[in-house]
Each structure stands twice: as structure tokens, then as C-alpha cells.
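Asker: If you scroll down you'll find the structure; I have some questions about it.
The values are calculated or read from the model by the stated rules, or taken from the named source; none is laboratory data. The model shown is predicted, which means the values in this text are computed figures rather than measured ones. Note: ideal-geometry Cβ built from the backbone for every residue, glycine included; neighbour counts use all protein chains shown. For accessibility, only protein heavy atoms count, side chains too; no ligands or nucleic acids. Shrake-Rupley method; radii C 1.70, N 1.55, O 1.52, S 1.80 Å.
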2 protein chains.
Amino acid sequence: MADEPEPVAKKSRAPSMHDVARLAGVSHQTVSRVINDAPNIRDETKQRVLDSMEQLQYRPNRAARALVTSRSRTIGILSASRTNYGPAASIQAIEDAANAAGYAVTTANIQGFESTSIVRAIDRLLDQAIEGLVVIAPQRRTFDTLAGMALRLPIVTLQSTGTDGDRSLSVDQIMGARLATRHLIELGHRSIYHLAGPQDWIEAEARMTGFLDEMNAQDMPTTAPFLGDWTAEFGYFAGRELLRVRDFTAIFAANDQMALGLMHAIRDARLDVPGDISIVGFDDIPDAAHFWPPLTTVRQDFAELGRRCVALLLGGLDAGEQYDGIIAPTLVVRGSTGPPLNR
Amino acid sequence: MADEPEPVAKKSRAPSMHDVARLAGVSHQTVSRVINDAPNIRDETKQRVLDSMEQLQYRPNRAARALVTSRSRTIGILSASRTNYGPAASIQAIEDAANAAGYAVTTANIQGFESTSIVRAIDRLLDQAIEGLVVIAPQRRTFDTLAGMALRLPIVTLQSTGTDGDRSLSVDQIMGARLATRHLIELGHRSIYHLAGPQDWIEAEARMTGFLDEMNAQDMPTTAPFLGDWTAEFGYFAGRELLRVRDFTAIFAANDQMALGLMHAIRDARLDVPGDISIVGFDDIPDAAHFWPPLTTVRQDFAELGRRCVALLLGGLDAGEQYDGIIAPTLVVRGSTGPPLNR
DNA sequence: CTCATCGTTGTTCACGTTCACAAGGGTGAG
DNA sequence: CTCACCCTTGTGAACGTGAACAACGATGAG
């Protein structure tokens, strides 16, 4: 354990500001000024510092900076089911935008359904000293828990909650659902089912609301929606159930995966889509155009959503921007819908 | 801007160890010992500290800890195309496992195809002072760039690179491809095409190798594989191209999305899957069971992969475990394959 | 020529934690 | 009774950075 020679490298430690300063023949504060490009530095000095940084492969120590400024420059994302296309695309976009703004991103996933799992996830984010929180694809319970924790953080949610406390930003799910429903009605369908998302999910509720709103607006009789779990698997079994009665000519599924499962069940019953039954989905995942038949669905611009989300979060608390936080979805008509022919 | 009263709260600052220490009537060091549960603390003292922490809602300051220990307890993930199911599932699993071990995770995404983009992504991770790096779904170029940067970090890649420098862990892509190919041969197919992934991708190469190996092993003639881009869209157009000649009875696609596109093109040509043409995919994404027809494919256990990945990274450098880093994939036979009937 | 001012750079401290070491009190052996 | 030792706790320094303030030289006005 005696002192070792260590000819060139002084320590195995990463170079610090002081090392750069020494090499450049200035004080560490001057180096700091160069890094944060403060005004009033002589060009020649600045260049010398930059050269030294380059030569030493210097990297600012984020922890030290965070300590002294008490700013972590980190954004937290709280999400559920991040293997689904929508959340994944949103996370991606948020991360890109955050990085561009010099922020890092950490994510935490809600594992189960109990609220302890939610608390744990938020705890992990708080441990990271996040400066802002984005909530993706949430369930109502998430918000209740969040509200109960009384966080002192800017929070943006990617789905409108209806509550006023936090700012939200979302694709207008209700309008999307109305577009889908109206499309079916205009094709001549009179008996339309809705295969909804799970109870308690904000998005599922909004889509269901949109469906019921439009049906009522057009004086159409409605039946109670089926509650699903977003998976193709569930769509398949729901389809088999529904086909026992078959008192409908169209189904609006709350997402593309369930629509896929539905179509599977319908084909199994030797019925035709859209001849016997029309199907509309929601999300426009990349695969939807190649389902059989290609799926009519509602497109959400996840990337745009992510970008605006970060802008909202980092743009500070400039209110007023709060209410253009709604992005209009568009209907994409493909082969899975048509007039109710075989009846 | 005058001083405000602030009756109760001394500062708006978060409570620190000293605050806890003062409240509990001990020194900050004792608090530190409680947090890191060091031995030799009287139970009564410990409890008093815990109570104070609870009362003040104390949270350790990660930045301060990182500064003094020079350990960030953060793992970096470098990924490409994280909206795809495979990478997304892997990231999820890695994050869960890392969190369980008390580590945080940051991800960086390779945006384009130039190596500057790769360098930038790694730079962002290094700014976070990551202690280990996981590389997911990489292209060869990623590794070249990585090697050029000579990082002093433990690196684990989720796909075998063939190079010895870094430790890798992977589903055995070659074996998976052989399973798929053998299945087609055993069904009686003699002319089989391979729709491969993009050039330069490790996984794509491995699957192609597996395909060619098995074909050669069984003395089957092979044609040059088609190179795709993983998307259903490409699969669709590739299918249209291939069907102009139609000198084959089966196609092995390098992933499920391309297989989906292929089946779309085949139906458009009024041909039957599997009657006219059999299709095998790769990945077993959750939707694959509900494609039409349900897709025969190769299942990879992404979750297991992620778990082992973190174990490998954090388990330190205990060599010897290095070579059980291969997870066997399994073939899942569904409706998209059958004997070549209509010929 | 003198003094104020501005542009540039340096000095010192604080952030919240862990580490190395020291100090205090109790216990047991001789 | 005394001393050594262990258990428990405290003290001071250090990590790398940014903020506040000070200091220095040059410049320009009077």
C-alpha cells in the first residue's frame, strides 16, 4: 500500500476544473465561466481553456454542479405499459426534446395495479431529484395517488385529467372517438358496439365518452361498452363473446391491438370484415396499415405530443399556453370499414 | 422583493442530514450511518434517527453522495429504435432489474445513421457519469464507434458481437433462425427465401447466418437474402417484388413486422398463407398470435434477457459467468406455416 | 495627472454527503 | 484498581462546481 510511482497520470481520477485550470494557467472559476459561457472573457483566454479541456478530455461533473446549484436538470417520466407503441413513442419524443434542451430523463414504470407500486415509482423519481414530471398513459388511481403526495413539482400529463391542478396536454381523445364513431354512422351502421379500454384509465374513459357522445348526438341507441385490457388477446376473446349474439354491424375498438384481436375472432367465425362487420381502431400503430384488412383507425401524433410536452414543462410556468395543449387527431380510413352489406 | 415572513419553514430548502441530526440530537455522521445501515449503532439511536427522517420527510441528496463517492449508481442504455417491441421490452426489464438493485437508468437513442449521432448519444450517457453501459439492438457501426472511444466502463451488449472485448449476452439468434428454417424444410419446402434485416445490424446478420447455415446443412439451394428495414411497410413492398417471380413456397422473415407486411402482399395477390406460401417471423411480438393467419415465429424472452443483463453488469467482473450468456429461443408454430399444398 | 469605471480574472465559501480518524464510556481481565 | 479493548458517537476534511465578492490593469474623462 506504499506510494506508487505513477509516472504520468497523477491519479486515476477524472480530470476536474482545477486540472484544466492549472494546465491553462488560469483559475478554476475562469474555466467555469468558459463552460457556462459567461460574458467578459478574453478570446485568447477562452481558447486556451478550451484547448486544455480538449487535451484533458474534461467532462463537467454533473453531480457537483447539481449539488451547488440544487438543480438536477433531470425530468422524470412516470409511465405504465411502456412496451405499447403509444407510450414508447411518447417517451422517445420526450427524451429527444429534453436532451436537446440539455436535460436528462429518467423513467419509472408502474408495475402492478396497487397504489403502493405507484408510490414506489414516484419515490424512485424523487430520489433522482427530478425537476419536472411527465405522466404518461395514466389510470385515475395514479392521479389520486399523485394528488395525495402533494408534490412540489411542475407536472404535465399526457392525458387530460379533467382536474385543474396540473397542466395537461393531450391528443383530443374524445374528438378522436367521435370521428371514428361518426365514420361508422355515416357508412350506414345503426348498431355499433364499443370495445373500451380498462376501467380507470383516463384514455379509455375519454374514448368511451367520445363514442357515447357521438352516438347520442345522432340519436343512435347504445349498449353498454365492453371493458377490455388493451391487448389483442382480449380483443380476440371479446370478439368470440360478442359474436354469440351478433346484433351489431360495427365495432369501435379503443385501440389497434384490440381491433386486431377482434378481426381475428371475426374471421374465425367465417365472417367478413368489413362485409359483415366493420372495425375501427385507435392509435394508428405502424403495423395497422398491414393488418388484414388494413385497419381504419384514429391517428395520434405521439412525437408532436412529446415535443410540446417538454416545451410546456421547461418553458416554465407561462400560463396561457396551457389551453392550446390539445392536439387534434385524424381519422385514417382503410379497408376494415365499409357499409353494412351482408345484411 | 422584500424579505417575507415565512413563519414556520426556515428555508425552502429540502431538509439535509444536518437537519435530521439536529432534530434527533445526534451528529450528521450518525444519520449517515443509519442510512447506509452501518453496524454498531444503538437501536434506540437508530430509531430516533429514523423517526426524525420520517418527520422531516428527509431524502438523501443523490448528487452529494455521488460527488463524494464518485459513484453515480446509474446505468446507461444505448439503444436504437426503441419503439419496437423487442428493445422496449428489454429496456423495461433492465430498468426493473436495475431499480431493484438500487441503480437508476438513463437511456440515449441513436437518432440517425451517422456515427456522429452515435457519439453524441454516448456523450450524453457519459455526461451522466454512468457506471455501466448496455447496448441494445446495435449495428456494427455502433461497435466500431464504441471501440474507437475506448471507454473505461463495463459494457454489456444484448447481441453477440463476435468480438471479444466486451461481454455480451444474447438470445441465440443463429439457433433461432435455424429452428425457423428447419421447420420450413421439414414441412417439405424446397425453395425458401429469407427477408433479412438491414445490413450492418448484428441481429440481422446472425439471423441470416442461421438461415444459410441450416440451408447448407440440409443441402438446400439458397438465393441471396433480401435486405429489409424491419418495418411492415418494407415487408409489403418486398412481398410485391418477390411475387413477380414466385419461385418459392416459403419465406423466413427476420422479424414479425416484416412477416406481417409479406402476408399483406401475398393476400393482395390473392394467394393463400400457408397454402401457397408459408411465412415464419422472428420475435413473437404479442400481436403475432392474432395476425391473419396467426404467425409462426421464434420467441425470444426479452424479460429474461434484461434481467440477466443487469446481473452481469452489476455482478461485477466475475468471469466464468460470461459464457452462459446465451438464451435459447423457441419456435412457436401457428397458422402461417404448412406443407406446400397448392403446387 | 488623477480618479472613476469597465473589463477581466482570482479568491473564498457553500452545497450535502462520505471517509478517516479521534474521543468517550463501558466492560472484562489481570 | 488499572489498563486495554470494544462499542458507539462525534469532528474535520474532502469531493467539484457555481456564486458572491474582491482585485487588478487598462482606459477615458476631467
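Asker: Would you list B:230, A:292 from the most to the least accessible area, probe 1.4 Å?
Answerer: I get A:292, B:230, largest accessible area first.
Asker: Please give the peptides A:275-287, B:67-79 ranked by average Cβ packing (other Cβ atoms within 10 Å per residue), highest first, as a rough proxy for protection.
Answerer: Ranked by mean Cβ neighbours within 10 Å, highest first: A:275-287, B:67-79.
Asker: Please name whichever of B:181, B:149, B:56 sits farthest to the positive end of the charge dipole of chain B, dipole taken about the Cα centre and charges placed at Cβ: Lys and Arg +1, Asp and Glu -1.
Answerer: It is B:56, whose Cα lies furthest towards the positive end.
Asker: What's the carbon and sulfur percent of the protein assembly as shown's accessible surface, probe 1.4 angstrom, rounded to a whole number?
Answerer: Of the solvent-accessible surface of the protein assembly as shown, carbon and sulfur hold 51 percent.
Asker: Going by amide H atoms built from the backbone, whose H comes under 5 Å of the H on residue B:194, apart from near neighbours?
Answerer: B:226, B:252
Asker: Treating the beta-carbon of each Lys and Arg as +1 and of each Asp and Glu as -1, no other charges, what is the dipole magnitude of chain A about its Cα centre, to the nearest 20 debye?
Answerer: Rounded to the nearest 20 debye, it is 560 debye.
Asker: As a test of the definition: with a 1.4 Å probe, what buried accessible area, both sides summed, do you compute for A against B, in Å² to the nearest 100?
Answerer: For A against B, buried area totals roughly 4000 Å².
Asker: Averaged across the residues of B:58-65, what count of C-beta atoms belonging to other chains lies within 10 Å of each residue's C-beta?
Answerer: Mean number of neighbouring Cβ atoms from other chains: 5.
Asker: Divide, for chain A, the radius of gyration over alpha carbons by 2.2 N^0.38 Å, where N is the residue count.
Answerer: 1.32
Asker: So, one more: Can you tell which of A:328, B:225, A:121 lies farthest toward the positive end of the dipole of the protein assembly as shown, using +1 and -1 charges on the Cβ of basic and acidic side chains (Lys, Arg; Asp, Glu)?
Answerer: Looking along the dipole axis, the top candidate is A:121.
Asker: Moving to a separate point now. List, by residue number, every residue in segment B:102-119 with a reduction of 50 Å² or greater in accessible area between the chain on its own and the complete protein assembly, 1.4 Å probe.
Answerer: At a threshold of 50 Å² (probe 1.4 Å), none of the residues of segment B:102-119 becomes less exposed by that much.
Asker: Per residue in segment B:269-299, which ones lose no less than 40 Å² of accessible surface when going from chain alone to all protein chains (1.4 Å probe)?
Answerer: B:287, B:290, B:292
Asker: Compute the Cα gyration tensor for segment B:173-302, then decide on rounded, prolate or oblate, letting a ≥ b ≥ c be the square roots of its eigenvalues: rounded whenever a/c is under 1.5, prolate when a/b is larger than b/c in the other cases, and oblate in all that remain.
Answerer: Cα axes put segment B:173-302 in the rounded bin.
Asker: Calculate the FRET efficiency for residue B:219 and residue B:245 from the Cβ-Cβ distance with a Förster distance of 35 Å, rounded to the nearest 0.05. Please list the in-between numbers first.
Answerer: Details: r = 23 Å, r/R0 = 0.65.
According to the calculation, E is roughly 0.95.
Asker: Can you give the accessible area per residue of segment B:173-302, in Å², using a 1.4 Å probe?
Answerer: 35 Å²
Asker: If we sort A:181-192, A:33-44 on the protection proxy, mean other Cβ atoms within 10 Å, highest first, what's the order?
Answerer: Those peptides, ordered most packed to least, come out A:181-192, A:33-44.
Asker: Here is a further query. May I ask you to report, in nm to one decimal and beginning with the shortest, the distances from residue B:267 to the same position in the other copies, taking label points 7 Å along Cα-to-Cβ?
Answerer: 0.5
Asker: Which cross-chain or sequence-distant (5 or more) residues have an amide H under 5 Å from the amide H of residue A:278, H modelled 1.01 Å from N in plane?
Answerer: A:250, A:251
Asker: Still on this structure, I have one more. Can you tally the net charge around residue B:139? Count Lys and Arg as +1, Asp and Glu as -1, for every other residue whose Cβ sits under 11 Å from the Cβ of residue B:139. Can you show the working numbers first?
Answerer: On the way: positive: B:140, B:141; negative: B:144, B:200, B:203, B:205.
Its environment carries a net charge of -2.
Asker: Before anything else, pin down the relative contact order of chain A: Cα pairs under 8 Å, at least 6 apart, normalised by residue count, whole percent.
Answerer: Normalised by residue count, the contact order of chain A is 15 percent.
Asker: Within 10 Å of each Cβ in peptide A:254-266, how many partner chain Cβ atoms are there on average? Round it to a whole number, please.
Answerer: Mean number of neighbouring Cβ atoms from other chains: 2.
Asker: Heads up, I need the accessible area for residue B:85: 1.4 angstrom probe, whole protein in place, Å², nearest 10.
Answerer: Accessible area, nearest 10 Å²: 60 Å².
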